[in-house]
Amino acid sequence: MIRQAQKFLDKLELDRTGRPGRSALLANDDRIVGTGADDLCQLGHELLERLNVVAVALVEPALPFADFLIRKAGRAESCLVPRDTETRTFLHDIPFVRHQELATQPADQLARLLGNRKGILVEGLGIIATGAVTPEQAYINVSSIFHSVFVKYLLDILGEKSLSAEEQLALADFQKNWLKPLASDIAFAPAGTLDERAHILDEICRIGRETVRLGLVDSFFGNISLRHQETIYISQTAASLDELEGCIDPVPIDNSSTCGITASSELLAHQKVYAQTGARTLLHGHPKFAVIMSMICETAECPITDCWKDCPHVRQVGTIPIVAGEVGAGGLAERIAPVIGEPGAVMVFGHGVFAIGRDGFRDALAAMIATEEWCRNEYFRRLEANG
């Protein structure tokens, strides 16, 4: 159990979710074990004694966006409600505790909040998240909260006329030091070699790891597939793209076996894209700036309120179409396939990017990188224009 805790703590620092040395992850395995910063381990130990869960993670985020959002919240507010898909699907909302509201001995207070949610925010401390059964669940919940807070803060400030000096300094540091260039020097397998099962599985695993390394998806989100003859090789649902070994299902196109039961929840979308475009590969990630830009709509006096599922329009950001649709077998599967063919990528409202390749994964990864890079540049252009 301690090795599991250390593994996921390392991942949170490697993907720059947590500040180096300022995280802890503990698990209850006959006795409570943990690793990380001493003060956070002590609080985590007290929380595990009070909660009916296996693991708890305490992470001081590498970015101060959560504290900024809490300070901007109204006095009567006690939770953040981001509108991105990860929040809607997994978190619903994110309770927070202001610094001045935090008890001197806060374990009882925080345990009450964590008893009703997968994770919470504590001003000045960071993210605290639980894992009901495994340390990985605590890691996933921390990662989702970080993603949701990232998207909400940067989206919110596009609508603000001015930012505090502290925020301006933080954003400058964020641009200079946290954001990394989006470039991949991975060597792609020649298309002709992707006709054997072993090569196909190896290539899917390699591209999955590269997608995570570039920050185009986090924790267990996203999915990836390759079509070979009458079979779609697709990542399993809830599989982490950087750990796909043993987690790829071969699903017959005619659904003549039950292999699709454990396949990604987006299997239907992959099937429809292959049927309508003739593509060979499909890559789906949650690149953060694409998620932000997909949620900006300038249509005036629109009566639609649940834009993420009810908007019937195909909007456009640069050359990339944006559609709405529910996850899984909902509208998303119907709306992606008709528009992804020519541009090679499509954005889904608040959700992420789907990108295709004609032979291997070169085109798909390049399209996802280009979409995120365009959205990143357009975001900062708009932010600067706001003054």
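Dimensions of the chain along the principal axes, based on C-alpha atoms and rounded to the nearest Å, stand at 63, 54, 38, largest first. Taking every protein chain into account, the 1.4 Å probe leaves Arg362 with about 140 Å² of accessible area, to the nearest ten.
Accessible surface computed residue by residue for region 282-387, with neighbouring protein chains in place and a 1.4 Å probe, gives 42 Å² per residue. Gain on full extension, evaluated as 0.36 nm per residue between Gln168 and Val314 minus their Cα-Cα distance, stands at 49.1 nm.
Can you give me the angle between helix 2-14 and the longest principal axis of the chain, using Cα atoms only, in degrees from 0 to 90, rounded to the nearest 10? On a 0 to 90 degree scale, this one is about 80.
For Trp308, the solvent-accessible surface computed with a 1.4 Å probe is close to 60 Å², ligands and nucleic acids excluded.
In the context of the full set of protein chains, residues of region 95-254 present 43 Å² of accessible surface per residue (probe radius 1.4 Å, heavy atoms only).
Relative to one another, the C-alpha centroids of region 38-75 and region 129-147 are positioned 12 Å apart. Residue ranking by accessible heavy-atom surface, 1.4 Å probe, largest first, among His92, His286 comes out as His92, His286.
The 3J(HN,Hα) values that the Karplus relation (6.51, -1.76, 1.60; θ = phi - 60°) gives for region 284-291 are, in residue order, 10, x, 10, x, 5, 6, 5, 4 Hz. Gly and Pro appear as x. Over the chain, DSSP H runs of length four or greater, each weighted -39,500 (n - 2.57), average out per residue to a 222 nm ellipticity of -12000 deg cm²/dmol. Given their separation in residues at 0.36 nm each and the Cα-Cα distance between them, Glu301 and Leu158 gain 49.5 nm when the chain is fully extended. How much of the accessible area of the chain, in percent, comes from carbon and sulfur atoms when a 1.4 Å probe is used? Solvent-exposed carbon and sulfur of the chain make up 49 percent of the total.
Projecting the Cα atoms of Cys307, Phe96, Ala172 onto the charge dipole of the chain, computed from C-beta unit charges around the Cα centre, puts Ala172 farthest toward the positive end. With the simple model of a label 7 Å out from the Cα in the direction of the Cβ, His99 to Lys72 spans 1.8 nm. In the context of the full protein assembly, Thr305 retains an accessible surface of approximately 120 Å², using a probe radius of 1.4 Å and ignoring ligands and nucleic acids. Couplings for region 205-211, taken from phi via the Karplus curve 6.51 cos²θ - 1.76 cosθ + 1.60 with θ = phi - 60°, read 5, 4, 5, x, 4, 5, 4 Hz in order; Gly and Pro are left as x.
Please go through the residue pairs Lys72/Lys118; Lys118/Lys180; Lys152/Lys180; Lys7/Lys118 and name each one whose alpha carbons sit more than 26 Å apart in this structure. Lys118/Lys180, as the Cα separations exceed 26 Å there.
Distance between the modelled labels on Gln109 and Ser256, one decimal in nanometres: 6.4 nm (7 Å Cα→Cβ projection).
The values are calculated or read from the model by the stated rules, or taken from the named source; none is laboratory data. What you see is a predicted model; the values in this text were computed from it and never measured. Counting neighbours? That spans all protein chains shown, and the Cβs are built from the backbone with ideal geometry, glycine included. Protein only, heavy atoms only, side chains kept; ligands, DNA and RNA dropped before computing areas. Shrake-Rupley method; radii C 1.70, N 1.55, O 1.52, S 1.80 Å.
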